[in-house]
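K.L.:
I'd like to ask you about the structure that follows.
The values are calculated or read from the model by the stated rules, or taken from the named source; none is laboratory data. Predicted model, so just to flag it, every value in this text is computed and none were measured. FYI the Cβ positions are ideal-geometry reconstructions off the backbone, even for glycines, and counts take in every protein chain you see.
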Amino acid sequence: MMKQALVCVSFGTTVANGRLDLSAVEHALQTVAPEIRFAKALTSRIIRKRLAAQGEKADSLPEALETLLCEGYTRVAVQPTHLLYGYEYDKIKAEIAPYEERFAHFALGRPLLADTTDLQTVARVLGQVYPPQPGEALILMGHGTEHFAGVVYSALQSVFALQGRGDVFVATVEGWPGLSEILPGIRPAGYHKAHLVPLLQVAGDHACHDMAGNDPESWKSQLESAGFTVRCTLEGLGRLEGIQQMYCKKLKEILE
């Protein structure tokens, strides 16, 4: 009988609250096929080094795959927890390339936002978790990327609009559109309050500092300076059951 394993690969985080977001997704994936070997890998070298300095060993994806080879596993599924087809996903594909022929069966899962159905589903999930509030704009902070996959953020904005959620604004901290691009349209739309929520798998450094920090450059500070009453939610997408279900569905696709 072929030995089967699942590798859950993530960027990683050292922020305690963010690790709860990631653990929630990992636990959900384990429930899909509890009978098979479960392994974890982190793509961020910096995160792995920081964890090592704290006495915690975290494997890179090649290290996790080498271990499975040594243990005699022949069927391997790799499920990323990444948001989109960006540079990090490209890195995963490059790292697994030397291993695909070394296993009898090898499959790579899709990221969270892989097609238009995913965009609609994420918008519905977030729309249910964060319903409209009088006079309040819901501002979602994504990471952002120069990769062409970054068009996903603007596409998600359009989906919210088509679903009747004109109060939702999607922006990114390291890409386009940024806060400066969406800010001019918020006040004229009649909003005097803002609810900041991470459009991130984990509520890590970006959420804690760039979004909700007290630094003058944080989104919270900029919005307050612009006259908005601001509240922040420090909970990543990974904590939401609807998002967990999406990842489980993607895993089932490659296990079948």
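K.L.:
Inspect the range 32-48 for any residue being of a type in the set (S, T, N, Q), assigned to a strand (DSSP E or B), outside the structural domain of ARG124 (by TED's automatic domain parsing) and under 14 Å from the mean Cα position of the chain (by Cα) and give the result as yes or no.
P.N.:
no
K.L.:
Contact list please: Cβ distance under 9 Å, first residue in the range 24-43 and under 25 Å from LYS91 (Cβ atoms), second residue among the polar types (S, T, N, Q) and surrounded by fewer than 15 Cβ atoms within 10 Å (Cβ to Cβ), pairs at least six apart or on different chains.
P.N.:
Note: pairs meeting the criteria are ALA28/GLN245.
K.L.:
Ok, one more. Please verify whether the range 181-204 includes one or more residues that are within 21 Å of the chain's Cα centre (by Cα) and either farther than 22 Å from VAL129 by Cα or among the basic types (Lys, Arg) (or both).
P.N.:
The initial filter retains those residues of the range 181-204 that are within 21 Å of the chain's Cα centre (by Cα), namely 195-204.
Of the ones still in play, those that are also either farther than 22 Å from VAL129 by Cα or among the basic types (Lys, Arg) (or both) are none.
Scanning the range 181-204 turns up no residue that is within 21 Å of the chain's Cα centre (by Cα) and either farther than 22 Å from VAL129 by Cα or among the basic types (Lys, Arg) (or both).
K.L.:
In addition: Given the options ALA194, ALA207, ALA189, ALA203, name the one that is over 25 Å from GLU88 (Cα atoms), of a type in the set (Gly, Ala, Ser) and crowded, with 20+ Cβ neighbours inside 10 Å.
P.N.:
Answer to the check: ALA194.
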